[in-house]
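S.K.: Below is one structure. I have some questions about it.
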Amino acid sequence: MSPLIELTGVSKILKGQQEPRTILDGVDLEVNAGRSIAIVGRSGSGKSTLLSVLGLFDRADEGTYRLDGQDITRLPERRAAKLRSSHFGFVFQRFFLLKHLTAAQNVSMALVNGQGWLPRRNRRAQVMAALDQVGIAHLARNKPPRMSGGEQQRVAIARALVRNPKILLADEPTGALDTETGTSVIDSLLAATGRGCGLVLVTHDRDHAARMDRTLDLVDGVLTERVPA
Amino acid sequence: MIRLSGRFRSALIIGLQGIRARKTRTLLSMISLFLGVLAVVVVQTGASIAERARLADVELTEGIDGTTVLELNPTPEAAKIVVDTLDGSTGATALVSVAATIGEPGVTAVNPGGSPFDEDWGAPQDCTPDGVCTARPAGQAIDLQISAMTSDVREFRPFRHRSGEWLDFTTIPALAPRLVLNEEAARGFAEHRVPAELHIPGATSNITPQFIGVVDDGNTSPTAYARLDELNNWLSAEGVVDPNGGNGVQVMLAPGNPVAQVLTAKLRGIGVDTYARTINSRKDMQDELKLFRLIFLAMAALVLLIGVAGILNVGLATVGERVEEFALRRAVGTPRSLLAGIVLAETLLTGLLTAAAAIGLSAAGLKALSALFGDQQPFLRDVQFPWEAGVAGIIAGLIAGILGGFVPALRAAGIPIATVMRA
């Protein structure tokens, strides 16, 4: 079975006002369906840049990116937006929920994105199913300011799951949460891999990383497999 | 049913959510835009009402748009042909103008020559064949024009009823001709007491007329309207025409009436030329008011531009505050064009709401003006809010929405998606 994502020799060079700086240096990575990967590394090691390249927010300067076997290294923005909608779910450290919308409306945001149109009834059903997956269907009508941090992050995860993505990309999803809440958030993410979703988790937390199938270290843009102790 | 595209619907839904979330900002945008849109609506309303008022006045004297008017020299033969041809036909009427005096015979009337009562055109004189002229003595008489009709002229000239009744063309002609006076003639008879004796040159005798009503015909000279067949009891069709002057014979025909061709051919047969014209007052009015309308609209557009600057300012500030939201939307697959569409949808909806408010206020204001001053100003009586002004308001609101939202929309579309990663 071919991997969902296959990065080969991907490099990203930051061309700022000073000398060019290599952020990613010949990264090779495979993400498979139903498998989870943790990427750990110090601040500034290029974790978020790698996630940006994986999530089609940014393009690699060198190397190839294959998604579902298709080479998408040089993809126009319109196609990239379509793929972000159809293939990816994103969870960020900050929840990025819109305060004026209810939990259900926040989740629905991923469905009302101009990529096809779902009738309201179907939309509602999908939103409720996603909220149910993360165990907060009862909070559908609540607005973010009335929810705890853990609940808000679960809404964000529901938003990432609502389109049944093939790959979940999570950038420090537990960074703003206490240990217990963080653990339950990781539980929700891992539950998605049980449904065949690939998961890439960027984290500083060794315990969370240890729960993934693989752990990769990113040091100065170079990605290496961590050998279990 | 019109099926809107998913992208369009998404823009509308998210735009409405944005408006609901930022009510105060939307209100501020609306306030900044309101005066501009209101100015456009008011200018358009004023121009439309002025045009209609002018048109209504012109229709009284000239005829409604599309009416064909045939003018011809007033010869007795021509008059007879006109009367005979129009007899029994619909959609056509002939007006034969005769000079008449009501009151004492052989005197200088209070309005010599049928002039308006506030004007003095000089006393008429009687001249002998050897050129000796003497002024008539002053007396109790009123000179006026009588417009004798073959059928109801109001089909073409919608006179405004003032009092009494209009001529009934279905009854047997009365021996005492029934006259409907215009307002100036009615004023003259109200201010001056004159004997009820009608003198028409060429009539077999003096007649006692019946005044049956008063109309506003837009004419400032005293005029009376009568049935031609009632005058014919006292003078022949040929006799009513004064070959030495008068207003002549005028035929008014509905658009496309074939009688026009028949009549023209018959008159040409006896060597009488006709001059035909079609009334097109609306276009004339529009041309006349075009410059004024443009000047006022330009001023309104300036006020609107100030409003656009306001909405632009609020829009830019709002996009600045929503950087993360737009970056997140891009992250979940929203294309740049939809982000621009969301901002434009918000400003367009704001423009439309403002237009609705401006139109509502204008319509209510017009109704109030009509109720308060309708008795003093005839053009405000029963005036309706012109739909053109409503359309202009909506267009102004939409244009302001597009202009005010364009730059913020571009900004929103250009927000880098990595904003969410760096936050």
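S.K.: Considering the stretch B:128-146 alone, what residues qualify as being surrounded by fewer than 22 Cβ atoms within 10 Å (Cβ to Cβ) and touching an Asp or Glu at 6+ places or on another chain (Cβ under 9 Å)?
M.R.: Listed by number, the residues that qualify are B:Cys133, B:Thr134, B:Ala135, B:Arg136, B:Gly139, B:Gln140.
S.K.: Can you list the helices (runs of 4 or more DSSP H) found entirely within the stretch B:1-120 that contain at least 3 residues being within 14 Å of chain A (Cβ to nearest Cβ)? Outline the logic, then answer.
M.R.: Values: elements: B:6-21, B:23-61, B:76-86.
By residue number, B:6-21, B:23-61.
S.K.: A further question follows. If you go through the stretch B:271-291, how many residues are open to solvent by 70 Å² or more (accessible area, probe 1.4 Å) and either modelled with pLDDT under 80 or part of a helix (DSSP H, G or I) (or both)?
M.R.: Looking only at that region, the number is 8.
S.K.: Mind counting the residues in the stretch A:45-67 that are at the interface with another protein chain (Cβ under 8 Å from one of its Cβ atoms) and among the small types (Gly, Ala, Ser)?
M.R.: Qualifying residue count for the region: 3.
S.K.: Going by the conditions given, is A:Arg94 out of contact with any Leu (no Cβ under 7 Å at 6 or more places or on another chain), under 27 Å from A:His204 (Cα atoms), within 14 Å of chain B (Cβ to nearest Cβ) and open to solvent by 50 Å² or more (accessible area, probe 1.4 Å)?
M.R.: Against the criterion (out of contact with any Leu (no Cβ under 7 Å at 6 or more places or on another chain), under 27 Å from A:His204 (Cα atoms), within 14 Å of chain B (Cβ to nearest Cβ) and open to solvent by 50 Å² or more (accessible area, probe 1.4 Å)), A:Arg94 qualifies.
S.K.: On the given criteria, is A:Asn122 more than 20 Å from the chain's Cα centre (by Cα), more than 11 Å from chain B (Cβ to nearest Cβ) and in a helix (DSSP H, G or I)? Give the steps one after another, and end with the answer.
M.R.: On the way: more than 20 Å from the chain's Cα centre (by Cα): yes; more than 11 Å from chain B (Cβ to nearest Cβ): yes; in a helix (DSSP H, G or I): yes.
It is true that A:Asn122 is more than 20 Å from the chain's Cα centre (by Cα), more than 11 Å from chain B (Cβ to nearest Cβ) and in a helix (DSSP H, G or I).
S.K.: What is the residue count in the stretch B:375-423 for residues that are in contact with a Ser or Thr (Cβ under 9 Å, 6 or more places away or on another chain), among the basic types (Lys, Arg) and not in a loop (DSSP other than H, G, I, E, B)?
M.R.: Number satisfying all stated conditions: 1.
S.K.: Do you know which residues across the stretch B:328-356 are charged (D, E, K, R) and within 8 Å of chain A (Cβ to nearest Cβ)?
M.R.: B:Arg329, B:Arg330, B:Arg336
S.K.: Based on what the data block shows, is B:Val240 hydrophobic (A, V, I, L, M, F, W, C) and modelled with pLDDT of 85 or more?
M.R.: No: the conditions fail for B:Val240.
S.K.: So B:Pro195 clears everything in (1) in contact with a Gly (Cβ under 9 Å, 6 or more places away or on another chain); (2) touching a residue at least 60 places away in the same chain (Cβ under 8 Å); (3) buried (at least 21 other Cβ atoms within 10 Å of the Cβ) except one condition, right? Which one?
M.R.: The failed condition is (3).
S.K.: Now a separate question. With the structure loaded, tell me whether A:Asp28 is more than 22 Å from A:Thr203 (Cα to Cα) and surrounded by fewer than 18 Cβ atoms within 10 Å (Cβ to Cβ) or whether it fails that test.
M.R.: For A:Asp28, the condition - more than 22 Å from A:Thr203 (Cα to Cα) and surrounded by fewer than 18 Cβ atoms within 10 Å (Cβ to Cβ) - is not met.
S.K.: Would you check if B:Val303 is over 17 Å from B:Ser48 (Cα atoms) and of a type in the set (Val, Ile, Thr)?
M.R.: Taking the combined requirement at face value, the residue satisfies it.
S.K.: Of the residues B:Leu361, B:Leu369, only one is open to solvent by 20 Å² or more (accessible area, probe 1.4 Å) and either modelled with pLDDT of 90 or more or among the aromatic types (Phe, Trp, Tyr) (or both); which?
M.R.: When all the criteria are applied, what remains is B:Leu361.
S.K.: Which one is farthest from A:Met109 (Cα to Cα) among residues in the stretch A:68-88 that are touching a helix residue (DSSP H, G or I) at 6+ places or on another chain (Cβ under 9 Å) and within 14 Å of chain B (Cβ to nearest Cβ)?
M.R.: Ranking the qualifying residues of the stretch A:68-88, first place goes to A:Leu75.
S.K.: Just to be sure, is A:Leu101 in a loop (DSSP other than H, G, I, E, B), closer than 26 Å to B:Ser337 by Cβ and more than 7 Å from chain B (Cβ to nearest Cβ)? Before the answer, list the steps.
M.R.: Details: in a loop (DSSP other than H, G, I, E, B): yes; closer than 26 Å to B:Ser337 by Cβ: yes; more than 7 Å from chain B (Cβ to nearest Cβ): no.
Taking the combined requirement at face value, the residue does not satisfy it.
S.K.: For the condition surrounded by fewer than 17 Cβ atoms within 10 Å (Cβ to Cβ) and farther than 30 Å from B:Val153 by Cβ, what is the one hit in B:Val262, B:Val314, B:Val308, B:Val323?
M.R.: B:Val323
S.K.: Another question, then. Among the candidates B:Arg336, B:Arg329, single out the residue that is in contact with an Asp or Glu (Cβ under 9 Å, 6 or more places away or on another chain) and among the charged types (D, E, K, R).
M.R.: Result of the check over B:Arg336, B:Arg329: B:Arg336.
S.K.: Here's a check for you: in the stretch A:40-64, which residue that is out of contact with any Gly (no Cβ under 9 Å at 6 or more places or on another chain) and among the charged types (D, E, K, R) is nearest to A:Ala210 (Cα to Cα)?
M.R.: A:Arg42
S.K.: Of the residues that sit in the stretch B:180-224 and are polar (S, T, N, Q), touching a strand residue (DSSP E or B) at 6+ places or on another chain (Cβ under 8 Å) and in a loop (DSSP other than H, G, I, E, B), which one is farthest from B:Arg154 (Cα to Cα)? Give the derivation first.
M.R.: Here is the first cut: in the stretch B:180-224, the ones polar (S, T, N, Q) are B:182, B:204-206, B:208, B:210, B:219-221, B:223.
Retained after the next criterion (residues that are touching a strand residue (DSSP E or B) at 6+ places or on another chain (Cβ under 8 Å)): B:182, B:206, B:208, B:210, B:219, B:221, B:223.
Going one step further and asking which of them are in a loop (DSSP other than H, G, I, E, B), we end up with B:206, B:208, B:219, B:221.
Values: B:Asn206: 28, B:Thr208: 25, B:Asn219: 14, B:Ser221: 19 Å.
Filtering first and then ranking leaves B:Asn206.
S.K.: Separate question: Which members of the stretch B:70-83 meet the condition of being at pLDDT 85 or above and either surrounded by fewer than 18 Cβ atoms within 10 Å (Cβ to Cβ) or in contact with a Gly (Cβ under 6 Å, 6 or more places away or on another chain) (or both)?
M.R.: Correct list: B:Glu71 only.
S.K.: Considering only the stretch A:136-143, I want to know if a residue exists there that is open to solvent by 40 Å² or more (accessible area, probe 1.4 Å), within 14 Å of chain B (Cβ to nearest Cβ) and farther than 30 Å from A:Gly69 by Cβ.
M.R.: Keep residues of the stretch A:136-143 that are open to solvent by 40 Å² or more (accessible area, probe 1.4 Å), which gives A:138, A:141, A:143.
Still in the running and within 14 Å of chain B (Cβ to nearest Cβ): A:143.
Then drop every residue that is not farther than 30 Å from A:Gly69 by Cβ, which leaves A:143.
There is at least one residue in the stretch A:136-143 that is open to solvent by 40 Å² or more (accessible area, probe 1.4 Å), within 14 Å of chain B (Cβ to nearest Cβ) and farther than 30 Å from A:Gly69 by Cβ.
The values are calculated or read from the model by the stated rules, or taken from the named source; none is laboratory data. Predicted, not measured: the structure shown is a model, and the values here were computed from it. Please note: Cβ atoms are built from the backbone with ideal geometry, for glycine as well, and neighbour counts cover all protein chains shown. In case anyone asks, the SASA skips ligands and DNA or RNA and just uses the protein heavy atoms, side chains included. Shrake-Rupley method; radii C 1.70, N 1.55, O 1.52, S 1.80 Å.
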